Amino acid sequence: MPLEIVQAGDPVLRQPSRLLTAEEIRAHKIQQLIEEMREAMRSAPGVGLAAPQAGYPLQLAVIEDRADYHQKLTASQLAERERRPVPFQVLINPTIVSRSDQSRTFFEGCLSLAGYCALVPRSLSVRVEYLDEQGAPRSQDVTGWHARIVQHEVDHLQGTLYIDRMLSRSFTNLENLARHWKDLPVREILERLK
Ligand code: ZN
(Lines give C-alpha, C1' and ligand atoms only; values in the text may rest on other atoms or scores of the structure.)
Protein backbone atom coordinates (compact mmCIF):
# COMPACT_ATOMS: atom_id res chain seq x y z
CA MET A 1 0.00 0.00 0.00
CA PRO A 2 1.39 3.45 -0.85
CA LEU A 3 2.50 5.65 2.04
CA GLU A 4 -0.01 8.22 3.14
CA ILE A 5 1.44 11.68 3.70
CA VAL A 6 0.63 13.00 7.17
CA GLN A 7 -0.94 16.48 7.28
CA ALA A 8 -0.23 19.34 9.69
CA GLY A 9 -1.79 18.80 13.09
CA ASP A 10 -0.48 15.27 13.48
CA PRO A 11 1.85 15.23 16.52
CA VAL A 12 4.44 13.18 14.61
CA LEU A 13 5.30 16.33 12.64
CA ARG A 14 6.05 18.24 15.83
CA GLN A 15 8.40 15.92 17.69
CA PRO A 16 12.16 15.49 17.19
CA SER A 17 12.79 12.25 15.32
CA ARG A 18 15.19 9.64 16.65
CA LEU A 19 18.57 8.74 15.18
CA LEU A 20 19.00 5.50 13.22
CA THR A 21 21.83 3.04 13.91
CA ALA A 22 24.02 1.69 11.09
CA GLU A 23 22.50 -1.72 11.75
CA GLU A 24 18.96 -0.40 11.39
CA ILE A 25 19.88 1.43 8.18
CA ARG A 26 21.08 -1.77 6.52
CA ALA A 27 18.09 -3.79 7.66
CA HIS A 28 15.23 -4.61 5.31
CA LYS A 29 12.69 -2.49 7.17
CA ILE A 30 14.50 0.82 6.63
CA GLN A 31 15.58 -0.08 3.08
CA GLN A 32 11.95 -0.76 2.29
CA LEU A 33 10.83 2.50 3.91
CA ILE A 34 13.36 4.39 1.74
CA GLU A 35 11.84 2.80 -1.38
CA GLU A 36 8.32 3.61 -0.25
CA MET A 37 9.30 7.20 0.53
CA ARG A 38 10.87 7.56 -2.91
CA GLU A 39 7.64 6.36 -4.53
CA ALA A 40 5.49 8.64 -2.36
CA MET A 41 7.71 11.65 -3.13
CA ARG A 42 7.56 10.99 -6.86
CA SER A 43 3.84 10.40 -6.99
CA ALA A 44 3.02 13.49 -4.89
CA PRO A 45 5.08 14.92 -6.65
CA GLY A 46 7.54 16.66 -4.36
CA VAL A 47 11.27 17.40 -4.15
CA GLY A 48 11.70 16.03 -0.63
CA LEU A 49 10.00 13.84 1.94
CA ALA A 50 10.94 13.25 5.57
CA ALA A 51 10.06 10.08 7.49
CA PRO A 52 7.75 11.92 9.96
CA GLN A 53 5.63 12.88 6.95
CA ALA A 54 5.10 9.16 6.44
CA GLY A 55 4.25 8.79 10.13
CA TYR A 56 7.68 7.55 11.28
CA PRO A 57 9.62 9.70 13.80
CA LEU A 58 13.00 8.63 12.36
CA GLN A 59 15.88 10.81 11.15
CA LEU A 60 15.52 9.89 7.51
CA ALA A 61 14.66 12.02 4.49
CA VAL A 62 14.74 11.61 0.73
CA ILE A 63 15.38 14.36 -1.83
CA GLU A 64 15.11 14.50 -5.60
CA ASP A 65 14.60 17.50 -7.87
CA ARG A 66 13.98 16.20 -11.37
CA ALA A 67 14.55 18.24 -14.52
CA ASP A 68 10.95 17.62 -15.60
CA TYR A 69 9.74 19.51 -12.50
CA HIS A 70 11.43 22.61 -13.90
CA GLN A 71 9.33 22.90 -17.04
CA LYS A 72 6.85 25.33 -15.49
CA LEU A 73 9.63 27.74 -14.52
CA THR A 74 11.32 30.16 -16.89
CA ALA A 75 15.08 30.11 -17.39
CA SER A 76 15.38 33.31 -15.37
CA GLN A 77 13.25 31.90 -12.51
CA LEU A 78 15.48 28.81 -12.41
CA ALA A 79 18.60 30.99 -12.43
CA GLU A 80 17.28 33.30 -9.71
CA ARG A 81 16.46 30.31 -7.49
CA GLU A 82 19.74 28.60 -8.37
CA ARG A 83 17.60 25.57 -9.05
CA ARG A 84 19.28 22.72 -10.86
CA PRO A 85 18.37 19.02 -10.99
CA VAL A 86 19.31 17.06 -7.88
CA PRO A 87 19.65 13.26 -8.24
CA PHE A 88 17.85 11.03 -5.74
CA GLN A 89 19.53 11.33 -2.36
CA VAL A 90 18.95 9.80 1.09
CA LEU A 91 19.81 11.80 4.23
CA ILE A 92 20.02 9.89 7.50
CA ASN A 93 20.81 11.55 10.87
CA PRO A 94 21.62 14.82 9.07
CA THR A 95 23.14 17.84 10.78
CA ILE A 96 23.71 21.25 9.25
CA VAL A 97 27.21 22.07 10.46
CA SER A 98 27.67 25.46 8.78
CA ARG A 99 25.68 28.07 6.88
CA SER A 100 26.49 30.98 4.62
CA ASP A 101 25.78 34.46 5.95
CA GLN A 102 23.70 35.16 2.88
CA SER A 103 20.05 34.16 2.71
CA ARG A 104 17.42 33.97 -0.03
CA THR A 105 13.65 34.32 0.22
CA PHE A 106 11.30 32.43 -2.07
CA PHE A 107 7.90 30.73 -1.96
CA GLU A 108 8.12 27.28 -0.43
CA GLY A 109 5.52 24.59 0.10
CA CYS A 110 5.25 21.30 1.97
CA LEU A 111 3.42 18.06 1.19
CA SER A 112 2.15 18.12 4.80
CA LEU A 113 0.51 21.52 4.25
CA ALA A 114 -1.08 20.58 0.97
CA GLY A 115 -2.40 23.46 -1.11
CA TYR A 116 -0.49 26.30 0.56
CA CYS A 117 2.85 28.06 0.43
CA ALA A 118 4.64 31.12 1.79
CA LEU A 119 7.80 33.11 1.44
CA VAL A 120 10.52 31.53 3.58
CA PRO A 121 14.03 32.95 4.10
CA ARG A 122 16.70 30.26 4.01
CA SER A 123 20.50 30.25 4.10
CA LEU A 124 21.87 30.38 0.57
CA SER A 125 24.41 27.60 1.23
CA VAL A 126 24.85 24.98 3.93
CA ARG A 127 27.17 22.13 4.74
CA VAL A 128 25.31 18.99 5.80
CA GLU A 129 26.78 15.90 7.42
CA TYR A 130 24.72 12.72 7.25
CA LEU A 131 24.75 8.99 6.65
CA ASP A 132 23.78 7.68 3.24
CA GLU A 133 21.49 4.71 2.58
CA GLN A 134 24.40 2.32 3.23
CA GLY A 135 25.13 3.99 6.58
CA ALA A 136 28.33 5.62 5.24
CA PRO A 137 29.19 9.10 6.60
CA ARG A 138 28.98 11.93 4.08
CA SER A 139 29.61 15.64 4.08
CA GLN A 140 28.16 17.81 1.34
CA ASP A 141 28.17 21.51 0.51
CA VAL A 142 24.91 22.50 -1.11
CA THR A 143 23.68 25.82 -2.42
CA GLY A 144 20.63 27.46 -3.95
CA TRP A 145 17.42 25.42 -4.19
CA HIS A 146 19.19 22.23 -3.13
CA ALA A 147 20.24 23.99 0.09
CA ARG A 148 16.62 25.12 0.61
CA ILE A 149 15.36 21.54 0.26
CA VAL A 150 18.00 20.22 2.67
CA GLN A 151 17.12 22.87 5.28
CA HIS A 152 13.40 22.12 4.89
CA GLU A 153 13.93 18.36 5.37
CA VAL A 154 16.37 18.70 8.27
CA ASP A 155 13.77 20.96 9.93
CA HIS A 156 11.16 18.20 9.60
CA LEU A 157 13.42 15.83 11.56
CA GLN A 158 13.48 18.35 14.42
CA GLY A 159 9.70 18.88 14.43
CA THR A 160 9.88 22.22 12.61
CA LEU A 161 7.68 23.20 9.65
CA TYR A 162 8.16 26.05 7.17
CA ILE A 163 5.25 27.89 8.79
CA ASP A 164 7.55 28.38 11.82
CA ARG A 165 10.00 30.30 9.61
CA MET A 166 7.76 31.91 6.99
CA LEU A 167 7.03 35.57 6.47
CA SER A 168 3.51 34.99 7.73
CA ARG A 169 1.82 37.76 5.72
CA SER A 170 2.86 35.99 2.51
CA PHE A 171 0.98 32.76 3.38
CA THR A 172 -1.29 31.90 0.43
CA ASN A 173 -3.15 29.04 -1.15
CA LEU A 174 -1.83 27.84 -4.50
CA GLU A 175 -4.76 29.27 -6.45
CA ASN A 176 -4.05 32.78 -5.18
CA LEU A 177 -0.32 32.27 -5.63
CA ALA A 178 -0.95 31.67 -9.33
CA ARG A 179 -3.45 34.51 -9.56
CA HIS A 180 -1.60 37.26 -7.68
CA TRP A 181 1.99 36.54 -6.74
CA LYS A 182 3.74 33.89 -8.80
CA ASP A 183 5.37 36.16 -11.40
CA LEU A 184 6.24 39.12 -9.18
CA PRO A 185 9.78 39.69 -7.93
CA VAL A 186 10.06 38.83 -4.24
CA ARG A 187 11.12 42.41 -3.49
CA GLU A 188 7.83 43.70 -4.89
CA ILE A 189 5.77 41.11 -3.02
CA LEU A 190 7.37 42.19 0.24
CA GLU A 191 6.62 45.82 -0.60
CA ARG A 192 2.94 45.05 -1.32
CA LEU A 193 2.52 43.00 1.85
CA LYS A 194 3.95 45.64 4.17
ZN1 ZN B 1 7.79 19.52 4.14
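Over the chain, what relative contact order in percent results from Cα pairs under 8 Å that are six or more residues apart?
It rounds to 23 percent for the chain.
Need the list of lysines near residue 194 for cross-linking: C-alpha distance under 18 angstrom, and skip anything on the same chain fewer than eight residues off.
182
Roughly speaking, what is the centre-to-centre gap between the range 130-173 and the range 1-77 when only Cα atoms are used, to the nearest Å?
What the calculation gives is 11 Å, centre to centre.
Relative to the longest principal axis of the C-alpha atoms of the chain, give the angle of the C-alpha long axis of helix 144-157, reported between 0 and 90° and rounded to the nearest 10°.
Once rounded, the angle reads 50 degrees.
Where does helix 28-43 land angle-wise versus the long Cα axis of the chain, in degrees 0 to 90, nearest 10?
Here the helix axis deviates by roughly 20 degrees.
Given the DSSP H assignment, sum -39500 (n - 2.57) over each helix run of at least 4 residues in the chain and divide by its residue total; what's the result at 222 nm in deg cm²/dmol, nearest 500?
So the helix-based figure for the chain works out to -7500 deg cm²/dmol.
Expressed as a whole percentage, what fraction of the accessible surface of the chain belongs to carbon and sulfur atoms when a 1.4 Å probe is rolled over the protein heavy atoms?
Reported share for carbon and sulfur atoms: 50 percent.
Show me the ranking of peptides 125-131, 73-79 by mean Cβ neighbours inside 10 Å, starting with the highest.
The most tightly packed comes first, giving 125-131, 73-79.
Given a 10 angstrom Cα cut-off, can you work out which residue in 106, 88, 171 is the most mobile in a GNM of the chain?
Maximum fluctuation in the GNM of the chain, among the listed residues, is at 88.
When a/c reaches 1.5 or more, the comparison of a/b and b/c decides; with that in mind, is the range 86-172 rounded, prolate or oblate per its Cα gyration tensor?
Prolate, since a/c reaches 1.5 and a/b exceeds b/c.
Going by average Cβ density within 10 Å per residue, which order do the peptides 132-143, 113-124, 174-185 take, highest to lowest?
Going by the mean number of other Cβ atoms within 10 Å, highest first, we get 113-124, 132-143, 174-185.
Roll a 1.4 Å probe over the protein chains and send me the accessible area per residue for the range 11-192 in Å².
That works out to 51 Å² per residue.
Per residue, what volume in Å³ does the Cα convex hull of the range 11-192 take up?
111 Å³
Indicate, rounded to the nearest 5 percent, the antiparallel portion of the DSSP beta bridges found entirely in the chain.
95 percent
Taking R0 as 35 Å, what's the FRET efficiency between residue 171 and residue 71 from their Cβ-Cβ distance, rounded to 0.05?
Numbers: r = 26 Å, r/R0 = 0.75.
The pair residue 171/residue 71 has a calculated efficiency of 0.85.
The values are calculated or read from the model by the stated rules, or taken from the named source; none is laboratory data. Treat the numbers as computed from the prediction; the structure is a model and nothing was measured. Every residue, glycine among them, receives a Cβ derived from its backbone with ideal geometry; neighbour counts consider all protein chains shown. The area values use the complete protein model at the heavy-atom level, side chains included, leaving out ligands, DNA and RNA. Shrake-Rupley method; radii C 1.70, N 1.55, O 1.52, S 1.80 Å.
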